[in-house]
Amino acid sequence: MSTAQAMGGTWKPVPLTVDYSHDLDGMNAAIDSATRLVYVCNPNNPTGSITNAESLKKFCIEASAKAPIFVDEAYLEFLEKPETQTMVGLVAEGKDVIVARTFSKIHGMAGLRIGYIVATPERIESITSKVRSTMGLCVTSLKGAIASMKETEFLGQCKAQNTECRDYVTSEITNLGYNPIPSYTSFLIFPIAMEGKSFMKSMYEEGVGIRAYEMYGKSWCRVSMGTHEELEYFVETFKKVTKA
C-alpha cells in the first residue's frame, strides 16, 4: 500500500473472508475503470492462509479481462503439491496474469534480493519499459539462484522440516488455548492477549525475534519457522512472557 501511495496511486483494500481466504467476489466487484492492477498473495502474507486454486483461477480468467492480475506466489513452494496451486498456466493461455516468485523464502536467499515473474511477452515489455528490472542483480545472486534451483533434494528437506516445525508450533500454541490461523507458509500467526509492542519487546529481551501485528482489533504474534530447537525455545519463552 505504501509503495502504491508513494508512486501517486491509491489502494482499495478488500477484507478477507471468515476463513482468511481472499474474497474473490468482493475483489472482482471492486474493479472499476480506474483499476490498474489487482494484487493477490497466495498463500497469503501475513495470515499464512490459502485461497482455493480453482476459485482463484476462475477469478483470474474473468478479472484479467478488466485489469492485470498480479499473483504473489512467494510461499507457494511450501505447499505439498505447488504445481496444482500455481496460476502460471494462465499465462500460457494468454491471460493478463503476472506470477511472481522469489528466492527469499524456501531457498533462504533473502539477502541476495532475487526473484522472477512470469507474464505474457506484452506485459513483460510493458514492465521493463518502465523499470530497470535487472538493476539490482549481481553474479552472486544469479549463480546462487541457479544452484539452488538444481538442489531439489535439499529443497525437499527444507519443506519437510518446515512442515514438521510448523505442526509442532501449531500444536503447542493451540494446547495453550490460542487459535492460530491454519498456515501454508513458513510462519504462523495467532492472536494474543498482551499488547503487541510490549509483547514483542519482552520476547526480544529473551533473545526471540518475532513480529507483532494489530489486526481485527487484536494484537497478533507472527513467528517464523526455524530449527526444532529454536522453536522449542520460542514456545518456552512465549510461556514465560505470557505467563501461560
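The values are calculated or read from the model by the stated rules, or taken from the named source; none is laboratory data. Quick caveat: nothing in here was measured; it's all calculated off a predicted structure. Positions of Cβ are backbone-derived with ideal geometry, glycine not excepted, and every protein chain shown enters the neighbour counts.
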Which numbered condition in (1) among the small types (Gly, Ala, Ser); (2) over 24 Å from Cys41 (Cα atoms); (3) without any contact (Cβ under 8 Å) to a residue 24 or more places away in the chain is the only one that Gly144 fails? (3)
The stretch 104-114, residues that are touching a Lys or Arg at 6+ places or on another chain (Cβ under 9 Å) and either surrounded by 18 or more Cβ atoms within 10 Å (Cβ to Cβ) or over 20 Å from Lys159 (Cβ atoms) (or both): Ile106
Residues that are under 14 Å from Val97 (Cβ atoms) and in contact with a strand residue (DSSP E or B) (Cβ under 7 Å, 6 or more places away or on another chain), drawn from the stretch 57-75: Cys60, Ala63, Ser64, Ala67, Pro68, Ile69, Phe70, Val71, Asp72, Glu73
Any chance the stretch 210-217 includes a residue that's modelled with pLDDT of 95 or more, farther than 24 Å from Pro15 by Cβ, assigned to a loop (DSSP other than H, G, I, E, B) and not assigned by TED's automatic domain parsing to the domain that holds Asn44? yes
Scan of the stretch 83-125 for residues that are more than 14 Å from Cys60 (Cα to Cα) and assigned to a helix (DSSP H, G or I), ordered by number: Glu83, Thr84, Ala110, Gly111, Leu112, Pro121, Glu122, Arg123, Ile124, Glu125
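Among the residues of the stretch 154-191, what is the count of those that are aliphatic (A, V, I, L, M), surrounded by fewer than 20 Cβ atoms within 10 Å (Cβ to Cβ) and either in contact with a Cys (Cβ under 9 Å, 6 or more places away or on another chain) or in a helix (DSSP H, G or I) (or both)?
Going through the stretch 154-191, the residues aliphatic (A, V, I, L, M) turn out to be 155, 160, 169, 173, 176, 181, 188-189.
Those left that are additionally surrounded by fewer than 20 Cβ atoms within 10 Å (Cβ to Cβ): 155, 160, 176.
Add one more test, that the residue is either in contact with a Cys (Cβ under 9 Å, 6 or more places away or on another chain) or in a helix (DSSP H, G or I) (or both), and what stays is 155, 160.
Number satisfying all stated conditions: 2.
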One residue from Lys143, Lys201 being in a helix (DSSP H, G or I), outside the structural domain of Gly115 (by TED's automatic domain parsing) and more than 22 Å from the chain's Cα centre (by Cα): Lys201
How many residues are modelled with pLDDT of 95 or more and either assigned to a loop (DSSP other than H, G, I, E, B) or under 14 Å from the mean Cα position of the chain (by Cα) (or both) when one looks only at the stretch 1-32? 12
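Considering each of Lys197, Lys159 in turn, give the residue that is under 21 Å from Pro46 (Cβ atoms), free of Cβ contacts under 8 Å to residues at least 24 places away in the same chain and not hydroxyl-bearing (Ser, Thr, Tyr).
It is Lys197.
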